[in-house]
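Trainee: One structure follows; several queries about it will come next.
The values are calculated or read from the model by the stated rules, or taken from the named source; none is laboratory data. Computed from a predicted structure; not experimentally measured. With ideal geometry, Cβ positions are generated from the backbone for all residues, glycine too; neighbour counts draw on all protein chains shown.
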Amino acid sequence: MKLHHLAGGLAALCLAAGALASDPVTVADAGRDAYSQPFPGLTDTERDHFFRGRSLFRQSWVVSPARDTQIDGLGPLYNRLACVSCHARNGRGFAPDRPGERMQTMLLRLSVPGIDAHGGPLPHPAYGGQFNEEGIPGVPGEGRAETAWSETEVTLAGGEVVRLRQPAFSFSELAYGPLDPVLVSARIGQPVFGMGLLDAVSAEELDRMAAEAKPDGVTGRVNRVWDAAAGRAVAGRLGYKANMANLRQQIAGAMLGDLGITSPLFGEQNCSPVQAECRQAPDGGHPELTAEQLDDLEFYLAHLAVPQRRNADDPQVGQGERLFAASGCTACHRPLVVTGEHPKYPRLAQRAIAPYSDLLVHDLGEGLADHRPDFLANGREWRTAPLWGIGLAGLIGERVGYLHDGRARNLLEAVLWHGGEAAPAQARFTALTPAERAAVLAFLGSL
């Protein structure tokens, strides 16, 4: 409880002193479009900017050459046709459930042991940094990936039995030679609202949170990653391992990796030296995503509002909030973070926000380990997942998964997978009575 009360007290003091902005960045929408709303109070010009970005986010890209040269350049290798394909209604993705089911909103990161010139993962020499199953006409896709599940049972206090599943991945129809040895890590699509606010948290704030004393042996550290525009290492905030330098680079990286669309940040096609047909394929311009289009996408994602919390006065929710803090969950899932200055988007600056994350990477144990380093984050470390808006995930997505690879089918399973630094908090949660655990889940559902 101490961390929770401290965070709330700091926010109140800052707001009372007038140090933080007070105009809203949240919306009361609790329907299926709750993740898709702009910040309240945008000007007409800003709303035009926002909706241009939204159109691009929802746009299906086409193969070059095409009549509409503003949306051509798909591939040559790719996973999906549009951003929204993996982020339906701006929400989270899911993992395949059945044998033979294709990955619809999940991708596989690839690397080999070692680091690249900038300290990041070393791409596979033939298949690159991401497995692309699809290719445009005349360019073979890289192959097919399949997910298989193994299950174990966990018995909680009170006798409740929960079945936890863990994925394993296999490859077939490989078009460019052997894949092994390779390091593989799955990623489901993340919800994209509130990313501008997370991007606005300063490196100084991240360092301060990392240095702060925490209970239960919890540490947490800042991942330092390559900023392609600045040409130097900076603090990472975005991505499952805090492996992206900023929102603009996150967008440009996804456009290239998922759709094969080049941009001002990443101007080379995602073709390895052995992929001859890929290297000879037509493109949609240099770059295919213009600087203006990247600006629109960045503005859109930077100004997606956060859903307001619901049912905060419900006694069960209040009990769950207290138990969540008393169990030690707020050591990482912080209820208050303050954003810094943001010269580009002033609306993001000096905000007291409630992401329920510290944006640091933590060792979450062997059970969740992918054994694939990503800059300073090792194979057991993951960024604390923001929990804001998580209670609406099941409403917004017809199918949703939790954790980086979608193994958790609900929030109870997600909590039970926490190990490493989170093991003491997870043990306290497991030891709660069934009614107390239901209260914690009701609290999470209110976020």
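Trainee: I'm trying to understand the selection: among the residues of segment 359-372, which are surrounded by fewer than 23 Cβ atoms within 10 Å (Cβ to Cβ) and part of a loop (DSSP other than H, G, I, E, B)?
Mentor: Gly365, Ala369, Asp370, His371, Arg372
Trainee: Sticking with this one: Condition check: of a type outside the set (Lys, Arg), free of Cβ contacts under 8 Å to residues at least 60 places away in the same chain and either touching a Gly at 6+ places or on another chain (Cβ under 6 Å) or within 18 Å of Leu247 (Cβ to Cβ) (or both). Does Leu364 satisfy that?
Mentor: Yes: the conditions hold for Leu364.
Trainee: Next question. Just to be sure I understand the filter: pairs with C-beta atoms under 6 Å, separated by 6 or more residues or on different chains, first member in segment 421-447 and under 25 Å from Val361 (Cβ atoms), second member among the basic types (Lys, Arg) and surrounded by fewer than 19 Cβ atoms within 10 Å (Cβ to Cβ). Which pairs pass?
Mentor: Pairs that qualify, where the first residue is under 25 Å from Val361 (Cβ atoms) and the partner is among the basic types (Lys, Arg) and surrounded by fewer than 19 Cβ atoms within 10 Å (Cβ to Cβ), are Leu447/Arg309.
Trainee: Which condition from (1) at pLDDT 95 or above; (2) closer than 25 Å to Ala349 by Cα is the one that Gly120 breaks?
Mentor: (2)
Trainee: Could you please find all residues in segment 418-446 being part of a helix (DSSP H, G or I) and of a type in the set (Gly, Ala, Ser)?
Mentor: Passing the criteria: Gly420, Ala422, Ala423, Ala425, Ala427, Ala431, Ala435, Ala438, Ala439, Ala442, Gly445, Ser446.
Trainee: Just one of the numbered conditions (1) assigned to a loop (DSSP other than H, G, I, E, B); (2) in contact with a strand residue (DSSP E or B) (Cβ under 8 Å, 6 or more places away or on another chain); (3) more than 25 Å from Gln190 (Cβ to Cβ) is not true of Tyr240; which one?
Mentor: (3)
Trainee: Within segment 385-393, can one find any residue that is within 24 Å of Leu156 (Cα to Cα), assigned to a helix (DSSP H, G or I) and under 19 Å from the mean Cα position of the chain (by Cα)? First the steps, then the outcome.
Mentor: Step one: of segment 385-393, the residues within 24 Å of Leu156 (Cα to Cα) are 385, 387, 390-391.
Those still in the list that are assigned to a helix (DSSP H, G or I) too: 390-391.
Subsequent filtering for residues that are under 19 Å from the mean Cα position of the chain (by Cα) retains 390-391.
Among the residues of segment 385-393, at least one is within 24 Å of Leu156 (Cα to Cα), assigned to a helix (DSSP H, G or I) and under 19 Å from the mean Cα position of the chain (by Cα), which makes the answer yes.
Trainee: Here's a follow-up. Between residues in segment 46-59 that are closer than 14 Å to Met255 by Cα and residues that are aliphatic (A, V, I, L, M) and modelled with pLDDT under 95, which pairs lie under 7 Å by C-beta distance while being six or more apart or on different chains?
Mentor: These pairs meet every condition: Gln59/Ile71.
Trainee: Tally up the residues in segment 26-75 that are within 18 Å of Pro307 (Cα to Cα) and aliphatic (A, V, I, L, M), please.
Mentor: 5
Trainee: Out of Leu20, Leu56, I need the residue that is more than 21 Å from Arg187 (Cα to Cα) and outside any loop (DSSP other than H, G, I, E, B). Which one?
Mentor: Answer to the selection: Leu56.
Trainee: Which of the residues spanning segment 59-98 are part of a loop (DSSP other than H, G, I, E, B), charged (D, E, K, R) and within 25 Å of the chain's Cα centre (by Cα)?
Mentor: The first filter runs over segment 59-98 and keeps only residues part of a loop (DSSP other than H, G, I, E, B), leaving 59-61, 63-71, 73-76, 79-82, 86-87, 91-98.
Restricting the remaining residues to those that are charged (D, E, K, R) gives 67-68, 80, 92, 97-98.
Correct list: Arg80, Arg92, Asp97, Arg98.
Trainee: Same structure, new question: Return yes when Gly119 is in a loop (DSSP other than H, G, I, E, B) and touching a residue at least 60 places away in the same chain (Cβ under 8 Å) and no when it is not.
Mentor: Judged against the criteria, Gly119 is a match.
Trainee: Could you list, ordered by first residue, the pairs with Cβ atoms under 9 Å in which the first is in segment 193-214 and closer than 10 Å to Asp358 by Cα and modelled with pLDDT of 95 or more and the second is outside any loop (DSSP other than H, G, I, E, B) and of a type in the set (Lys, Arg), at least 6 apart or interchain?
Mentor: If the second residue must be outside any loop (DSSP other than H, G, I, E, B) and of a type in the set (Lys, Arg), the pairs left are Ala210/Arg221.
Trainee: Taking the condition surrounded by fewer than 22 Cβ atoms within 10 Å (Cβ to Cβ) and under 23 Å from Pro386 (Cβ atoms), does Ala34 pass?
Mentor: In short, no.
Trainee: Next question, about the same structure. From the set of residues in segment 140-192 that are touching a residue at least 60 places away in the same chain (Cβ under 8 Å) and of a type in the set (Asp, Glu), which is surrounded by the fewest Cβ atoms within 10 Å (Cβ to Cβ)?
Mentor: Glu160
Trainee: To continue, here is another question. Taking the residues in segment 398-417 that are in contact with a helix residue (DSSP H, G or I) (Cβ under 6 Å, 6 or more places away or on another chain) and in a loop (DSSP other than H, G, I, E, B) as candidates, determine which candidate is surrounded by the most Cβ atoms within 10 Å (Cβ to Cβ).
Mentor: Top of the filtered list is Val400.
Trainee: Across segment 273-295, which residue is farthest from Arg232 (Cα to Cα) among those that are in contact (Cβ under 8 Å) with a residue 12 or more places away in the chain, in a helix (DSSP H, G or I) and among the hydrophobic types (A, V, I, L, M, F, W, C)?
Mentor: It comes out as Cys278.
Residues are listed down the side, and each one gets a yes or a no for (1) within 22 Å of the chain's Cα centre (by Cα); (2) charged (D, E, K, R); (3) outside any helix (DSSP H, G or I); (4) buried (at least 18 other Cβ atoms within 10 Å of the Cβ):
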{"position": "Leu256", "(1), (2), (3), (4)": "yes, no, no, yes"}
{"position": "Thr262", "(1), (2), (3), (4)": "yes, no, yes, yes"}
{"position": "Phe266", "(1), (2), (3), (4)": "yes, no, yes, yes"}
{"position": "Cys271", "(1), (2), (3), (4)": "no, no, yes, yes"}
{"position": "Leu297", "(1), (2), (3), (4)": "yes, no, no, yes"}
{"position": "Gln319", "(1), (2), (3), (4)": "no, no, no, no"}
{"position": "Arg334", "(1), (2), (3), (4)": "yes, yes, yes, yes"}
{"position": "Ser357", "(1), (2), (3), (4)": "yes, no, yes, yes"}
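Trainee: Touching a strand residue (DSSP E or B) at 6+ places or on another chain (Cβ under 7 Å), closer than 28 Å to Thr339 by Cα and not aromatic (Phe, Trp, Tyr), is that true of Val201?
Mentor: Details: touching a strand residue (DSSP E or B) at 6+ places or on another chain (Cβ under 7 Å): yes; closer than 28 Å to Thr339 by Cα: yes; not aromatic (Phe, Trp, Tyr): yes.
Answer is yes for this residue.
Trainee: May I ask you to say which residue of Ala66, Ala34, Ala30 is small (Gly, Ala, Ser), in contact (Cβ under 8 Å) with a residue 24 or more places away in the chain and over 27 Å from Leu392 (Cα atoms)? Step through it out loud before you land on a result.
Mentor: Values: Ala34 fails: over 27 Å from Leu392 (Cα atoms); Ala30 fails: over 27 Å from Leu392 (Cα atoms).
Result of the check over Ala66, Ala34, Ala30: Ala66.
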